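This report concerns only the one structure given below.
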Amino acid sequence: MPESATETPGAGITAQAPAPAAKATRGAISIRNVTKIYDPEGVNVMAVDDCSLEIAAGEVCMIVGPSGCGKTTLLNAIAGFHSITFGEIYLDGQLLCGPEKPLADQGADRVVVFQNGALFPWKTLLQNVAYGPIVQETMGKAEALEKAADMLAEAGLADMAKKFPGEVSSGMARRAEIVRALINDPKVLLLDEPYRAMDALTKSIMHEALLEMYDRTKVTMFFITHDLEEAIFLGDRVVVLTTRPAKTKKIVDVKIPRPRDYRLLGSEEFRLLVSEAKGAVHEEAIKAFEAGERELA
Amino acid sequence: MSERVADTSGMDTVQPPPTGLRLAWYRARRSVKTPTPYLMVFGVALWLVTYSLLTEILKVPRFEKIPGPIEVITEWLSPDPAWGMSLFTEAYLINIYVSCRRILIAFGIATGIGVPLGLFMGWSKRFRDYSFPILETLRPIPILAWVPLAIIMFSGFETPILFLATLASLFVTTLNTLLGVDSIDESYFRAAGCLGSKPRHVFWHVVLPGAMPFIFTGLQISVGVAWFSLVAAEMISGDYGLGYMIMDSYMINTYVSMVMAMITLGFVGWATSAMVRAVGNRMMQWRIRALALEGR
């Protein structure tokens, strides 16, 4: 049991994950006492402080916290974009990064969906989706393109397959980006505020599509967001992080059965959970605001 | 009202957007409804009239020695030119051919070296650390300062000229390509990484296409710079070519031919830039289409 569980205030909070979905047997992430210190200008800045978190296989784990609190730092450490200073991160019992190897290898078992979208603008949606299997040589080119076309069609993007990302709406592009991740059959999907810039209507459509995709694949998701309603609607657990340096402040278990749909948004249970999370986040947001520090990358 | 009916009937059978010649025809038809072509014609006419007034009609002091547009155009179209050069003389056409061939070779070499060099410099930090200081020291040396060295290093007329044109063009292409790689958003590299790319994939699928817009901007500048240094080189050490034609005509006081060569340079230079632009547009459909949707 990670130490952070004892630090989190309130009753009924455990770092123990809820019962994983029946199908999911892989993609368990174990973050153990991770600390990250940035040293941009000779002054040490602690982005993450002794943070521990157990994410079960097939869990949708929503990470919430004030701006610049170190959420993305954790994601970058799992993805292998940034090193960690202390601690260890495991994926399915295998060490990703630790004291001996502070920077994890990048690999298609942990695919990232980026905040501002990172479909290659010079490739069509189809070429974007087929890219992973082609470069990993898990499929031949023709096979990859065929599979990509099927998966795009499944996501309702059949007509868009030959278009470039610059020609489709942001919602379509984001959906294609998730398809591009899923075609690699990843153990974990790392989502960094993927719906941040979207209007509420588009967002709700994206949420339902994501839930539908999750019910099909049961892929583990590490999902960073600022939007508490999004967090409760999508997640199995909502992990509220403190302001920088990040630690787990509170974990809200969302015991709402799946499949979920938009009608859930009006329910009493949903609103109670949102307000529970909101209380914790608000406190930290005030601290972060008063600290007034610039966000770290 | 009738238009509205026509519109809705068109909606029933959705037509694919026009391509190729049909698209060009559609654009041409649409553009005659805008002021653009008329303003262009008016601008050119205004310039020609002013030029003619100064040189041929009013004969303003200091301008009277300059051949006017009527004289130049008449000479240019004359099968039997008074000063020896026209569209129908072999000497004039050879000068154009020689200059164009030199540009093709110089620009080709500069692109062939400059683009890969810039890509590697942008891609590999270590390679940049080696090579960037040399580039930045050589680049500011004006191309005319290389002339004596070029003449010492290379024999004959041709190689020094090619060297000078290539060198000027090379610096521009390399630097722009390098900046192009720098301009690529970090998230594309990360995306490529987490999709399982090996370094060679990153190079071909991210570095090269990502730098493409800057590369082609650079190539357009670079072809212009190549012309600039080519003409300078031809004026100093040439046997044929438009630069040589300008200098030669000046020496033997055939100013009409001199002006003719200058205007020819303008048109040929414009044409080469347009060709580079067309190739770029062809290779960057993704960008053209996205920009078109933004109304540009």
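The values are calculated or read from the model by the stated rules, or taken from the named source; none is laboratory data. The shown structure was predicted, so the numbers you read here are calculated from the model rather than taken from an experiment. Cβ placement follows ideal geometry from the backbone for every residue including glycine, while neighbour counts extend to all protein chains displayed. Note: areas computed on protein heavy atoms with side chains; ligands, DNA, RNA excluded. Shrake-Rupley method; radii C 1.70, N 1.55, O 1.52, S 1.80 Å.
Within region A:113-139, the residues that satisfy the criterion of being facing another protein chain (nearest Cβ under 7 Å), touching a residue at least 40 places away in the same chain (Cβ under 8 Å) and of a type outside the set (Phe, Trp, Tyr) are A:ASN116, A:ALA118, A:PRO121, A:GLY132, A:GLN136. Scanning region B:148-166 for residues that are crowded, with 22+ Cβ neighbours inside 10 Å and either under 30 Å from B:VAL206 (Cα atoms) or touching a Leu at 6+ places or on another chain (Cβ under 8 Å) (or both) yields B:ILE161, B:LEU164, B:ALA165, B:THR166. Being modelled with pLDDT of 95 or more, within 17 Å of B:ILE221 (Cβ to Cβ), assigned by TED's automatic domain parsing to the domain that holds B:GLY243 and small (Gly, Ala, Ser) is the requirement here; does B:ALA165 meet it? No: the conditions fail for B:ALA165.
None of A:ALA200, A:ALA209 is free of Cβ contacts under 8 Å to residues at least 12 places away in the same chain and either among the aliphatic types (A, V, I, L, M) or open to solvent by less than 40 Å² (accessible area, probe 1.4 Å) (or both) except A:ALA200. Could you grab me the full set of residues in region B:41-74 that are assigned to a loop (DSSP other than H, G, I, E, B) and open to solvent by 60 Å² or more (accessible area, probe 1.4 Å)? Within region B:41-74, B:LEU58, B:LYS59, B:PRO61, B:ARG62, B:PHE63, B:GLU64, B:LYS65, B:ILE66 qualify. One residue stands out among those in region A:272-297 that are acidic (Asp, Glu) and in a helix (DSSP H, G or I): the one that is modelled with the lowest pLDDT, which is A:GLU290. Those residues that are away from chain B (no Cβ under 12 Å) and either over 14 Å from A:GLN127 (Cβ atoms) or open to solvent by 40 Å² or more (accessible area, probe 1.4 Å) (or both), I need them from region A:160-186; list them, please. Listed by number, the residues that qualify are A:MET160, A:SER170, A:GLY171, A:MET172, A:ARG174, A:ARG175, A:ILE178.
Could we say that A:GLY93 is touching a residue at least 60 places away in the same chain (Cβ under 8 Å), closer than 21 Å to A:THR220 by Cα and surrounded by fewer than 16 Cβ atoms within 10 Å (Cβ to Cβ) here? Here the answer is yes, as A:GLY93 does meet what is asked. For region A:94-112, the tally of residues that are away from chain B (no Cβ under 14 Å) and in contact with a helix residue (DSSP H, G or I) (Cβ under 8 Å, 6 or more places away or on another chain) stands at 1. Taking residues in region B:214-239 that are outside any helix (DSSP H, G or I), and partners anywhere that are of a type in the set (A, V, I, L, M) and surrounded by fewer than 24 Cβ atoms within 10 Å (Cβ to Cβ), the pairs with Cβ atoms closer than 8 Å and at least 6 places apart or on different chains are B:SER237/B:VAL147; B:SER237/B:ILE151; B:GLY238/B:MET247. Within region B:188-209, being in contact with a Gly (Cβ under 8 Å, 6 or more places away or on another chain) and within 7 Å of chain A (Cβ to nearest Cβ) holds for B:TYR188, B:GLY193, B:CYS194, B:LEU195, B:GLY196. Looking across region B:240-296 at every residue that is among the basic types (Lys, Arg), within 14 Å of chain A (Cβ to nearest Cβ) and in a helix (DSSP H, G or I), the one that is most open to solvent (accessible area, probe 1.4 Å) is identified as B:ARG282.
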